[in-house]
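Engineer: Here you go, one structure.
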Amino acid sequence: MKLPISLSGKAKEVNINNQTFVFHHEGENAPNFQDCYELGAKLRPFRDVYKCTHKASKEQRSVKILGKMTIDKETFLGKLAILKKMDHPNLVHVLESYEDDINYFVVGENMAHDSLYDSISKKREAGEAFGKPHVAQILLTLLECMIYCHSNNIVHGNIQPKNILIPEGSGFDKLLVVNFFDSSVSIGRTGSKGAKAVAGDSSDEEDNAADVGRIAKKKTRFAAPEASANGGTSTKSDIWSCGVIGFHLLTGKYPFEKPSDSSKAIYHKALKRLEPEAQELLKELLTYNPPDRPTAAEAYDADWLAVAKSVEAKVDSAMQDEVMKSLSQFSKKDKLQQAVSAFIATHLLAKIDKEKWDEIYRHSDRNSDGVISKKELLDGFAKAGIRIPRNEMDELFVRLDMDGNGVVDYSEFLALQGDLVCQRDKLQAAFDAFDTDGNGYIEKEDLQVIFHSPGEKVISKATAKAMLKSADQDGDGRLSFEEFVDMMVKQ
């Protein structure tokens with residue numbers, strides 16, 4: 001199938017990324033958490049995390065509430081900055097944050113799911129064990145997450161079964177890594193998303209060894225020796241934790257009968273009962289000296305994990321047709337339409353609505369680094385039977401890459417969705433978000449607020465005015481809700 005697209009015009013110089021719409025609400029005139037959400041029950045086993053319902057969209061979300069007496073603002077904003085960078089289908093996404101005189105509120109996607117810890121407990125009670133395909137899939141997905149995090153200079157610092165959620169009805173490839181706020185650290189220099197030459201890259205082990213962050217000492221059975229000893233953590237600390245999880249899932253035991261054995265590589269005798277390839281992988285992950293452990297990318301290529309890689313995502317003809325239609329529509333959208341689509345896709349669509357697009361995204365991300373290059377996108381569509389001439393792909397890729405970082409990120413890909421992002425209730429919620437002063441219209445001043453990221457120059461009034469012009473039917477320099485709806489549904 002060939003995609004008949006026609007691209008014309010040049011996109012405005014406005015970068016849109018997953019952080020664009022993660023607003024921090026503070027100040028006397030800002031909305032407060034209680035006005036926007038209904039607070040629900042506490043979510044076990046997390047500290048200070050609760051269910052909540054977004055009043056406008058009725059979407060179920062989660063909120064972490066932190067007393068201002070327990071964390072200073074600089075630390076809070078630093079942790080929030082780490083969360084805002086997360087743009088991967090298997091990492092929890094932060095949606096917005098609030099503060100009042102007493103608390104900070106960090107709102108994220110729904111975390112009301114069973115954890116891997118719950119799955120382990122249920123298996124134990126039933127006298128069952130995890131099979132090789134399931135363990136391989138869990139490790140493979142965890143390593144994909146770590147490849148993405150480490151390439152963005154982020155260390156989770158507390159990988160354990162309680163911080164791995166399994167959405168109901170989903171396979172282990174859909175697991176969700178959570179709880180970055182309490183223990184994650186940013187290391188080294190922050191590069192662009194998808195960058196390879198950063199901390200944790202196998203080509204720079206000497207620099208990686210020096211890229212050590214500090215967290216509170218971790219005494220869990222899944223913490224690396226260096227984190228247990230003095231709170232030192234690096235990308236290799238996450239690798240150790242993945243090794244403990246793999247060992248525990250395969251054997252029901254922990255790797256070392258005594259904590260002191262970890263420094264001597266005296267493994268639990270259960271290791272000998274595993275097949276040689278599994279033993280080799282676990283020993284590498286559980287190497288005592290951090291620089292000697294493999295990187296996430298190196299571990300991902302282990303022979304034992306091949307069984308999980310053999311399962312290819314299947315893309316049926318109906319999904320091919322939907323992608324074709326969405327690509328055709330997206331290729332004609334201007335910058336404001338793209339921005340609204342991205343906001344709705346990332347903030348207002350339920351997890352179930354994104355699942356089939358997740359499959360296409362994973363199918364296209366051939367090297368599992370969490371982003372899609374131009375070649376990967378072209379190859380992925382080709383495998384799905386979607387044929388796009390190379391010159392048209394070049395132009396389409398420019399539109400998809402809304403932040404101009406050279407790759408298509410997860411949130412950018414989700415913006416392709418057509419029919420779902422044009423539902424009237426979703427459009428109303430998006431309009432309310434873009435109408436930052438709540439006066440019933442979207443004006444150039446609203447866009448200057450929306451498209452202003454900390455540390456970056458505010459877009460000019462001329463640029464904001466130009467973004468509104470094509471949809472401003474009555475020429476009054478602003479958009480009413482009906483004009484906004486017409487802009488989004490026009491083909």
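Engineer: Give the cross-link partners of Lys461 among the aspartates and glutamates, using a straight C-alpha distance below 12 Å as the criterion and excluding same-chain residues fewer than 8 apart.
Structural biologist: Those aspartates and glutamates meeting the cut-off are Glu443, Glu445, Asp446.
Engineer: If you don't mind, another one. Quick check on packing: order 277-284, 361-368 by the mean number of other C-beta atoms within 10 Å, highest mean leading.
Structural biologist: Descending mean neighbour count gives 361-368, 277-284.
Engineer: With labels modelled as points extended 7 Å from the Cα through the Cβ direction, what inter-label distance (nm, one decimal) is found for Glu298 paired with Lys465?
Structural biologist: Once both label points are built, they end up 5.8 nm from each other.
Engineer: Net charge near His88, counting Lys/Arg +1 and Asp/Glu -1 over other residues with Cβ under 9 Å of its Cβ?
Structural biologist: So the environment of His88 carries a net charge of -3.
Engineer: Continuing with the same structure: What net charge do the residues around Arg390 carry, taking every other residue with its C-beta under 11 Å from that of Arg390, with Lys and Arg at +1 and Asp and Glu at -1?
Structural biologist: 0
Engineer: Then there's this: Loop-only check: which GluC sites (Glu not before Pro) in the stretch 40-142 are DSSP coil with at most 16 other Cβ within 10 angstrom?
Structural biologist: Glu128
Engineer: Please order Leu139, Leu77, Leu285 by the number of other Cβ within 10 Å, starting at the fewest.
Structural biologist: With the fewest neighbours first, Leu139, Leu77, Leu285 line up as Leu77, Leu285, Leu139.
Engineer: With Cβ to Cβ distances under 10 Å as the rule, what net charge do the other residues near Asp476 carry (K, R +1; D, E -1)?
Structural biologist: -3
Engineer: Suppose each label sits 7 Å from its Cα in the direction of the beta carbon; what would the His452-Ser170 distance come out to in nanometres?
Structural biologist: 3.6
Engineer: Moving to a separate point now. Past 25 Å, Cα to Cα: identify those pairs from Lys132/Lys253; Lys309/Lys333; Lys375/Lys469; Lys42/Lys84, in the order given.
Structural biologist: Over 25 Å apart, Cα to Cα: Lys309/Lys333; Lys375/Lys469.
Engineer: Rounded to the nearest 0.05, what FRET efficiency is calculated for Gln34 and Ala129 with R0 set to 30 Å and r the Cβ-Cβ distance?
Structural biologist: 0.05
Engineer: State the extension gain, in nm to one decimal, for the chain segment bounded by Asn367 and Asp486, taking 0.36 nm per residue of separation less the distance between their alpha-carbons.
Structural biologist: Taking 0.36 nm per residue and subtracting the Cα distance, the gain is 38.9 nm.
Engineer: How would you rank Leu479, Leu43, going from fewest to most other Cβ atoms within 10 Å of each one's own Cβ?
Structural biologist: Ascending Cβ contact count within 10 Å gives the list Leu43, Leu479.
Any read-out appearing in this document is the output of simple, stated calculations on the displayed coordinates, not a laboratory observation. Bear in mind the structure is a predicted one, so any value in this text is a computation, not a measurement. Every residue, glycine as well, gets a Cβ built from its backbone with ideal geometry; the counts of neighbours run over all protein chains shown.
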